[in-house]
Amino acid sequence: STPSQADDADDFGLLLPNVESSLMQSPIGSVSGYERKVKKVNDTPVVWSARWDSKSAQAAVLVSAQINSPWHLYSIDQPKGGPLPTKFEVSTIGGGTVALAGEIEADVAPKQKTSDVYNMQVFEHEGDVTWRIPVNVKSATQITVKVSALACESINGQCRPVRDSFTLDVASVAGSLMADSPTSDSQDLVAKDASKSELFRDDDYVVGWLGELVSSNIAPGEQTTLKFTAIPDPTFHVYEAATDASESKTNFVITDKAELKIGAPVTASEVISHQLAPSLPPVMYHEGRVEWSIPIKVPEDAKPGLHNIEGMVAYMACTENSCRRPKGFKFTASLSVGKEVNATPVKMETIKFADVLDTADETEWVDADVLPSELAQSMPPEFYLGGNSRSLDDATIAKLKEDQLSKPLPNSEDNDLATAPMIASKGGGGFGKWLVFAFLGGIILNAMPCVLPVIGLKVMSFVSQGGQDRKRIFTLNLAYAAGIAAVFALLAFLSIAFGFGWGEQFQYFSVRLGVTIALFAFALSYLEVWEIPVPGMASGGKSQELQSQEGHAGAFCKGIFTTFLATPCSGPLLGGVFAATLSMTGFQKACIFAALALGMSSPYLIIGARPELAKWLPKPGAWMNIFKQAMAFMFLGAVCYFFYQFSDENKLPVFITLIGVWFGCWLVGLVPIYADVKKRLAGWGAGIAAATAISVTAFSSLNAPATLNWVDYDELSLSRYQEDGKTVLVDFSAKWCVNCLVNLETAIDTEPTAELIEQLGVVSMYADWTNQDEHISEKLNELESNSIPLLAIYPADRPDEPIILRDLVTQSQ
């Protein structure tokens with residue numbers, strides 16, 4: 001399976017998952033002058049999964065492959081000199097050792113065939129197959145299983161390598177199967193009839209989860225435990241438990257108690273307190289693996305039979321410097337009361353984090369009179385205060401440890417004990433430190449690559465301000481700072497109201513496209529293709545007299561544009577600052593953004609207040625025009641940076657859109673900025689209309705899906721389709737062939753043709769000759785043609801007598 005690219009964008013820091021999962025993407029057929037996706041029989045060759053073999057006396061990993069038709073894989077015993085065999089590699093994470101304990105075996109024998117391509121016997125797997133990998137694990141908590149294979153299509157012989165990897169938690173399989181594997185105390189107490197889940201992981205997220213119901217068959221009046229174990233990847237941690245939708249917590253909520261009584265989650269894991277600032281509450285988290293126990297009591301009058309408990313968990317993984325986006329899952333646990341009923345393992349399924357918090361905020365589910373199990377009762381009571389932290393003084397903690405009280409402390413607002421359990425302090429630093437870092441980070445933002453061209457324009461305005469009075473210089477720079485402050489105020493509002501992260505607006509295609517267009521338009525303005533009609537922003541030679549002085553509106557707009565361009569970058573210091581804001585109040589976040597705005601605008605405020613500081617700048621002259629044009633190329637470099645972020649299918653429409661913007665700016669530039677209003681409005685109207693029309697056409701036409709179900713051409717596939725009694729249509733085309741594109745748009749890749757092809761069961765193949773493919777050249781020679789366009793139709797009843805249509809064709813043909 002292919003990992004979601006969007007998830008990486010969800011990260012608050014530059015973090016990479018330690019679990020690799022990738023598939024090489026299928027080739028994209030090129031037609032109609034742009035990249036058109038060719039529909040495959042099945043574009044995903046294989047879907048991998050891995051789990052422990054829980055039914056064996058020997059520890060083993062089961063790796064399963066769901067091989068989609070018409071693909072196949074080769075066996076692990078494929079002889080050398082032929083296709084690549086399927087290979088497995090096991091290793092450990094964080095220490096310990098793992099080694100193979102026997103032969104790797106597949107549950108289905110491969111099919112043996114004679115390959116004309118390799119001139120030897122090949123061994124192929126099709127459909128579903130599972131390999132059993134016996135292992136000996138010593139002193140390890142996690143192992144990684146990597147798989148690599150070669151997937152080939154049975155239809156046309158196309159092949160591609162496929163690979164995946166999985167992280168498995170050692171403690172999720174019975175400790176007796178491992179050689180000297182570390183297990184927790186709670187692992188030893190798991191009952192033999194526990195309904196255990198397989199390791200649950202939300203795609204490639206950095207936390208895995210195990211769920212198990214200790215003793216899934218119990219009598220009325222008895223008690224059991226529902227356990228959840230969070231297993232974060234190295235360097236990550238998860239937060240302490242809560243049941244009330246608190247922020248920066250691992251929130252548990254039971255939505256269906258199935259007429260049972262359920263207590264709050266408890267854990268024996270130590271809670272670490274990280275004090276980010278004196279005025280902020282500490283961040284409370286667990287290091288490494290953490291297991292929570294939720295006590296469940298069956299009432300005396302409980303109905304016999306199966307009881308399905310349903311609930312949700314919201315969680316988030318962080319390092320000391322950054323955090324991954326919060327996640328959530330819902331679960332179902334089956335408990336049999338009074339009679340033997342086959343209980344199913346705990347099932348977990350991904351849901352939205354916000355849905356969990358909304359439900360937790362509206363649900364009161366904890367039964368205060370349900371105490372933890374024997375395992376939990378051996379802990380000090382401060383560990384089971386309704387799932388929410390409370391602070392105890394040292395004397396109280398010592399007394400609790402000594403007495404090992406069995407009753408929980410009251411979980412009420414009037415409890416005179418201060419708040420948090422036994423915790424280990426992590427230090428932190430004050431809120432003032434983060435304000436200083438934000439201020440310094442704001443200064444550094446002025447040196448970000450995307451910002452430098454606008455700063456260059458600001459430098460030129462300093463030069464032009466040389467002969468002005470101090471008051472005007474100060475107000476112009478104040479207007480520039482106001483533009484900076486306006487953007488930071490908007491970002492602060494989005495962060496406080498919606499949890500919007502720094503630079504998160506660039507996750508949206510429309511924002512990236514808008515910024516790319518604006519940068520390109522600014523570069524064209526610097527190169528005097530057109531002029532921005534705002535005093536101080538227009539800098540073309542045609543109207544130097546009118547634009548010699550910077551206006552307040554221009555200064556304000558520069559401040560907005562400069563700040564917006566700075567947001568794709570965090571720069572030094574800001575990574576830690578934005579990580580710290582995760583646990584700050586709304587007022588504190590506002591202060592952080594205000595410090596950023598002040599830091600970024602401080603150089604201009606200082607120069608505005610002390611204009612003599614700008615005396616080191618050279619006097620106005622011809623150099624300013626050269627400098628301005630040099631800044632245009634920095635803008636173009638920024639355009640390249642944003643252009644790189646577009647997906648492959650959008651790159652050509654974006655490129656054509658920029659050409660349209662160029663044409664529109666050229667039309668605007670034909671009308672001098674000093675012309676009357678009517679002429680300027682006409683020029684702007686024509687330019688905007690032309691650029692918009694070109695852009696809309698580019699995205700509506702060039703991203704249109706293929707009407708026909710195209711299959712890439714190759715001779716082997718053609719022969720196989722003909723052997724199956726299919727009529728085959730082959731379009732020989734290329735992106736550089738204009739007539740080929742016309743044929744596709746007007747006659748071939750159209751709805752009437754598609755309807756007829758579907759009615760007759762015709763296979764449509766696309767032969768892309770853009771890169772002078774030798775096989776296509778040979779086929780053209782066979783058809784007595786050395787040019788394209790050429791359409792060849794091979795009838796099912798006479799495949800050796802193709803119908804040939806050359807050059808331009810019509811829909812009626």
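The values are calculated or read from the model by the stated rules, or taken from the named source; none is laboratory data. These numbers were taken from a predicted model, which means no experiment stands behind them. Neighbour counts run over all protein chains shown; Cβ positions are idealised from the backbone, glycine included. For the accessible areas, the whole protein counts, side chains as well, though only heavy atoms, and no ligand, DNA or RNA atoms are used. Shrake-Rupley method; radii C 1.70, N 1.55, O 1.52, S 1.80 Å.
A few notes on this one:
- In region 285-298, the residues that are open to solvent by 30 Å² or more (accessible area, probe 1.4 Å) form Cβ pairs under 6 Å with partners that are modelled with pLDDT under 90 and assigned to a strand (DSSP E or B), at six or more places apart or across chains, as follows: Glu287/Ile272; Lys297/Gln223.
- Boolean, Ile455 is at pLDDT below 70, open to solvent by 20 Å² or more (accessible area, probe 1.4 Å) and at negative phi: yes
- So Val214, is it open to solvent by 10 Å² or more (accessible area, probe 1.4 Å), among the aliphatic types (A, V, I, L, M) and more than 25 Å from the chain's Cα centre (by Cα): yes
- Qualifying position, being among the aliphatic types (A, V, I, L, M), open to solvent by less than 20 Å² (accessible area, probe 1.4 Å), at pLDDT 85 or above and at negative phi, among Val370, Val346: Val346
- Residue within region 35-46 that is within 18 Å of Ala149 (Cα to Cα), modelled with pLDDT of 85 or more and either surrounded by 19 or more Cβ atoms within 10 Å (Cβ to Cβ) or polar (S, T, N, Q) (or both) present: yes
- Flag for Thr225 being part of a strand (DSSP E or B) and of a type in the set (S, T, N, Q): yes
- Residue match in region 627-645 (condition: buried (at least 17 other Cβ atoms within 10 Å of the Cβ), modelled with pLDDT of 85 or more and of a type in the set (Val, Ile, Thr)): yes
- Residue under evaluation Lys726, criteria (1) assigned to a loop (DSSP other than H, G, I, E, B); (2) touching a Ser or Thr at 6+ places or on another chain (Cβ under 7 Å), criterion not met: (2)
- Being polar (S, T, N, Q), surrounded by 15 or more Cβ atoms within 10 Å (Cβ to Cβ) and under 42 Å from the mean Cα position of the chain (by Cα) is a description that does not apply to Thr746.
- In region 487-505, residue modelled with the highest pLDDT [restricted to those that are among the aromatic types (Phe, Trp, Tyr), more than 17 Å from Leu445 (Cα to Cα) and in a helix (DSSP H, G or I)]: Phe493
- Residue match in region 155-172 (condition: modelled with pLDDT under 80, open to solvent by 50 Å² or more (accessible area, probe 1.4 Å) and closer than 30 Å to Ser334 by Cα): no
- Just one of (1) touching a residue at least 60 places away in the same chain (Cβ under 8 Å); (2) farther than 27 Å from Pro653 by Cα fails for Val742. It is (2).
One line per residue, one yes/no per condition, for (1) more than 30 Å from Pro234 (Cβ to Cβ); (2) in contact (Cβ under 8 Å) with a residue 12 or more places away in the chain; (3) open to solvent by 10 Å² or more (accessible area, probe 1.4 Å):
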| position | (1), (2), (3) |
| --- | --- |
| Ile93 | no, yes, yes |
| Ala101 | no, yes, yes |
| Glu105 | yes, yes, yes |
| Lys111 | yes, yes, yes |
| Val129 | yes, yes, no |
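- Filter result for Asn739 (open to solvent by 30 Å² or more (accessible area, probe 1.4 Å), touching a helix residue (DSSP H, G or I) at 6+ places or on another chain (Cβ under 7 Å) and over 27 Å from Glu153 (Cα atoms)): no
Every residue, every condition in (1) farther than 24 Å from Gln645 by Cβ; (2) in a helix (DSSP H, G or I); (3) modelled with pLDDT under 80, yes or no:
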| position | (1), (2), (3) |
| --- | --- |
| Leu513 | no, yes, no |
| Ile517 | no, yes, no |
| Ala521 | no, yes, no |
| Gly536 | yes, no, yes |
| Ala555 | yes, yes, yes |
| Gly575 | no, yes, yes |
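- Which numbered condition Arg720 misses (of (1) assigned to a helix (DSSP H, G or I); (2) within 29 Å of Arg798 (Cα to Cα); (3) touching a strand residue (DSSP E or B) at 6+ places or on another chain (Cβ under 9 Å)): (3)
- Boolean, Leu791 is crowded, with 16+ Cβ neighbours inside 10 Å and either out of contact with any helix residue (DSSP H, G or I) (no Cβ under 7 Å at 6 or more places or on another chain) or not hydroxyl-bearing (Ser, Thr, Tyr) (or both): yes
- The listed residue being closer than 26 Å to Thr167 by Cβ and among the charged types (D, E, K, R), out of Glu153, Glu124, Glu105: Glu105
- Scanning region 646-670 for residues that are open to solvent by 60 Å² or more (accessible area, probe 1.4 Å) and at pLDDT 80 or above yields Leu652, Phe655, Ile659, Trp662, Phe663, Trp666, Leu670.
- Selection within region 714-751: residues that are touching a Gly at 6+ places or on another chain (Cβ under 9 Å) and of a type in the set (Ser, Thr, Tyr). The member of this set that is modelled with the highest pLDDT is Thr727.
- Test: Glu612 is surrounded by fewer than 19 Cβ atoms within 10 Å (Cβ to Cβ), at negative phi, part of a helix (DSSP H, G or I) and modelled with pLDDT under 75: yes
- Some residue of region 273-286 being among the β-branched types (Val, Ile, Thr) and modelled with pLDDT of 85 or more: no
- Subset of region 302-338 (residues that are under 22 Å from Ala219 (Cβ atoms), assigned to a loop (DSSP other than H, G, I, E, B) and open to solvent by 30 Å² or more (accessible area, probe 1.4 Å)): Lys303, Pro304, Gly338
- Every test in (1) in a helix (DSSP H, G or I); (2) in contact (Cβ under 8 Å) with a residue 40 or more places away in the chain; (3) buried (at least 18 other Cβ atoms within 10 Å of the Cβ) is passed by Ile673 save one, and that test is (1).
- Of the strands (runs of 3 or more DSSP E) contained entirely in region 744-813, those carrying at least 1 residues that are more than 18 Å from Val711 (Cβ to Cβ) fall at 803-806.
- Considering only residues in region 688-708 that are modelled with pLDDT under 90, out of contact with any Asp or Glu (no Cβ under 7 Å at 6 or more places or on another chain) and surrounded by 15 or more Cβ atoms within 10 Å (Cβ to Cβ), the one that is nearest to Phe732 (Cα to Cα) turns out to be Leu702.
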